[in-house]
Amino acid sequence: MTDSFLKVEGLTRHFDVSKPWLNRVIEREEKSFLTATDAVSFEIRKGETFALVGESGSGKSTIAKMIVGLLAPSGGTIEIAGHRIGPDHPEAIRAVRQRMQMIFQDPFASLNPRWRVGDIIAEPMRTFGLLSGSDVTKEVARLLEVVGLSASDQGKFPHEFSGGQRQRIAIARALSSKPEFIVCDEPTSALDVSVQAQILNLMRDLQDEFGLTYLLISHDLSVVRHMANRIGVLYLGRLVEVADSKRLFTEPQHPYTRMLLDAVPDLALSGRRRKPVTGEIPNPINPPSGCAFHPRCPIAVDRCKVEIPAQRATPTGTAACHLVDDVEKVSAG
Amino acid sequence: MTEPLLSVRDLVVEFPTRRGVLRALDGVSFDIAPGEVLGMVGESGAGKSITGAAIIGLIEPPGRIVSGEVRLAGERIDNLPPEAMRRIRGKRIGMVFQDPLTSLNPLYTVARQLVETIRAHLDMSEKEARAHAVGLLDRVGIPAAARRIDDYPHHFSGGMRQRVVIALALAAEPELVIADEPTTALDVSVQSQIIDVLKEICAERGAAVMLITHDMGVIAETADRVAVLYAGRMAEIGPVSDVILKARHPYTSGLMASIPTLVQNTDRLVQIPGTMPRLNAIPSGCAFNLRCEHAFDKCMTDRPPLLDVAPRHAAACWLVEEETQNDG
């Protein structure tokens, strides 16, 4: 694919969740690891919005943190704008840091309560040495207006703003280093729906204006559908399906995607009957063998219990399911 | 129409603060019929949870009910002494809160918490209570209930814990269950399971439900009627399909349009300008007037009462009056 901005291959992250050494010796236990992300590969094209959806514990935020460099991967590669990122390539990190930013979920936690809004927004410009002196103040004022606040808000503290306004401040801060790529980790989950609409519209406008590329992390399927061009569905640290946004909803390929779609409450009152969802996401420390979804899967066969399915091409993208070609038949019959 | 199970009339709740008195609920009235599910929606700070807390007499001091009344099956309960209220709470009104980890005691096994609750309200021996508890856990869908009952809350996943909380709320066979954001802390796939359990089990026992949530999707799937709160006031109340599809209050229709759906294709979401006013800055007249595109002079000065737009459907908006006059 041409114009890919971000390329992630075989991205894996383990967390050591072992008990302390002495307990392990006494209780004769092995070290235990939690696999938060297991060989995840995807690409984000320039100017598009790629979304990752999944339930809690599916590894969404771990992927986001590894991409921006807040966590080191245990395996796999990340390539941003042609630069390979990793501990072996410190110069590459410096080259791309300025080009990417992140927006976090909780605008109450992500802004320093002791800093004035002007300083919060100016920090990236100062750190990267983009502007200095009175130019900084001018640029901060401009950014505040871009995100729908007033230039006179510079001198205020974060506590003087509502949740939605704080998220606007966080967006202004993200824009201040003039990034091309923004990782948005659940940007509207902490907000009320009417405020969520304002923030989502703002993010769209900014994307059009500055040609931004987004990685959107969310558990809310309707938000993802509204915002994204392509969607990746995660289950227990593995990518189970990647598809074009609209078609994921009309032609879901992987049985997990189908289940997830069935679980979304229907606001249109169409009288659609939901299929009851069964089971819960298993313990990631001890995930099921083979396809991690097989214990909950309505169409699982013996092969699913032993062999981890690889990504295969589907009419809408790719899906990691042994039965993906048969899914249509099974659900029809 | 049958006599309502719960009747709330002109409820006013105020919180005195150093900077003046904040009116968190301002003249809220509604009824819940026996066995009915009433959804209560609104943004943070609209007064949803305060309404629930006021009904069960759990408003944190210095907050207090200033005026209005709450009746349960015809009997006034808002002015009962704490001891009498405690007997109603749990027995006649069950509660399910948002976070299942904080509503269960981490130091006690599930069995102990259930048995204690059951024996506090029902005349049962330890053994009977335990059997009843196992039956409840089984009913809310906990696998191997007889074995799991001796586990501690941290042994259960979030969804399973919320099932335990539902079992706890229903332990004494209440007439009304107040569920305050019961699924907000859960994932979608688990959310739908919990909603199904809550709905089924209440229907089966004839318990009415007051479902407090900010999630319109959950309301649409679950509730019979829905009440929309805005800045401590009732903006609109009516049957779910009427309120969702034929909203008459500009706030309700704006709210509905601002939610992205799985079927519509729009480039931009409808957005209501501004935010809900803080409680110390509610404008005179209609509380929504500054954000409303249809606001006219009367909205700035006079506060609209709930006006009937259809049988059982009412909206607090002067536009309703205008239209009825034009029609007549």
If you wrap segment B:233-328's Cα atoms in a convex hull and average its projection over all directions, what's the area in nm²?
7.3
Among A:PHE50, A:PHE15, A:PHE42, the residue with the largest mean-square fluctuation in a Gaussian network model of chain A built from Cα contacts under 10 Å is A:PHE15
For chain A, what does the helix formula give at 222 nm: sum of -39500 (n - 2.57) over DSSP H segments with n ≥ 4, over the residue count, nearest 500 deg cm²/dmol?
-10000 deg cm²/dmol
Candidates B:ARG312, B:ARG87, B:ARG18: whichever shows maximal mean-square fluctuation once chain B is modelled as a Gaussian network with Cα springs under 10 Å:
B:ARG18
Value of [θ]222 nm, deg cm²/dmol, for chain B, DSSP H segments ≥ 4, -39500 (n - 2.57) each, nearest 500:
-10000 deg cm²/dmol
Fewest-first ranking of A:TRP21, B:TRP318, A:TRP115, using other Cβ atoms within 10 Å as the exposure measure:
A:TRP21, A:TRP115, B:TRP318
Using only Cα atoms, locate the centre of segment A:53-97 and the centre of segment B:245-308, then give the distance between them in Å, rounded to an integer.
42
Under 12 Å from the 7 Å Cα→Cβ point of A:HIS83, by amide nitrogen: which residues of segment A:39-70?
A:69
DSSP-defined antiparallel bridges as percent of all bridges, the protein assembly as shown, nearest 5
60
For B:LYS91, go through the lysines and keep the ones whose alpha-carbon is under 29 Å away, minus same-chain ones fewer than eight residues off.
B:LYS48, B:LYS127, B:LYS199
May I ask you to sort B:LYS127, A:LYS305, B:LYS91 by Cβ crowding, counting other Cβ atoms within 10 Å and putting the fewest first?
B:LYS127, A:LYS305, B:LYS91
Taking a quarter of the surface of the convex hull around the Cα atoms of chain B, what do you get in nm²?
19.0
Karplus 3J(HN,Hα) series, Hz, for segment A:87-101 with 6.51 cos²θ - 1.76 cosθ + 1.60 (x for Gly, Pro):
x, 7, 10, x, 5, 5, 4, 4, 5, 9, 3, 5, 8, 10, 9
Helix B:158-170 versus the longest principal axis of chain B: what is the Cα-based angle in degrees, 0 to 90, to the nearest 10?
90
Based on DSSP, what percent of beta bridges with both residues in chain A are antiparallel, to the nearest 5?
60
Multiply the residue separation of B:ASN265 and B:GLU173 by 0.36 nm, subtract the distance between their alpha-carbon atoms, and state the gained length in nm to one decimal.
28.6 nm
Please list the non-local residues whose amide H lies under 5 Å from the amide H of A:GLY86, H modeled 1.01 Å from N, same-chain partners needing a gap of 5 or more.
A:ILE93
Provide B:HIS249, A:HIS89 in ascending order of the number of other Cβ atoms located within 10 Å of each residue's Cβ, fewest first.
A:HIS89, B:HIS249
Would you mind checking A:LYS46/B:LYS246; A:LYS65/A:LYS178; A:LYS46/A:LYS156 for any pair whose Cα atoms are more than 30 angstrom apart?
A:LYS46/B:LYS246; A:LYS46/A:LYS156
Wrap a convex hull around the Cα atoms of chain A, take a quarter of its surface area, and give that in square nanometres.
20.3
Using 7 Å Cα-to-Cβ label points, what is the A:LEU70/A:SER134 separation (nm, one decimal)?
3.7
FRET efficiency (B:GLU75, B:THR109; Cβ distance; R0 56 Å; to 0.05) is 0.95
Relative to the first principal axis of the alpha-carbon coordinates of chain B, what is the inclination of helix B:126-139, with its axis defined by its Cα atoms, in degrees from 0 to 90 and to the nearest 10?
50
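How much FRET efficiency would the formula 1/(1 + (r/R0)^6) give for A:ILE26 and A:ARG99, where r is the Cβ-Cβ distance and R0 is 51 Å, rounded to 0.05?
0.55
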A:SER18 versus B:SER284: modelled label distance in nm, points set 7 Å from Cα along the beta carbon direction:
7.2
Based on the alpha-carbon gyration tensor of segment B:145-204 and its eigenvalue square roots a ≥ b ≥ c, which shape applies: rounded if a/c is under 1.5, prolate if not and a/b is larger than b/c, or oblate?
oblate
Of B:GLU221, B:GLU181, B:GLU69, which has the largest mean-square fluctuation in a 10 Å C-alpha GNM of chain B?
B:GLU221
Shape descriptor, the protein assembly as shown: equivalent ellipsoid semi-axes (Cα gyration tensor, sqrt 5λ, whole Å, largest first) stand at 41, 35, 24
Taking a label point 7 Å from the Cα of A:THR127 along Cα-to-Cβ, the residues of segment A:136-178 whose backbone nitrogen sits under 16 Å from it are A:170-178
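Only the coordinates and a few stated rules stand behind these numbers; no lab work does. This structure is a prediction, so every number in the text was calculated from the model and none was measured. As a convention, Cβ positions derive from the backbone with ideal geometry for all residues, glycine included, and neighbour counts pool all protein chains shown.
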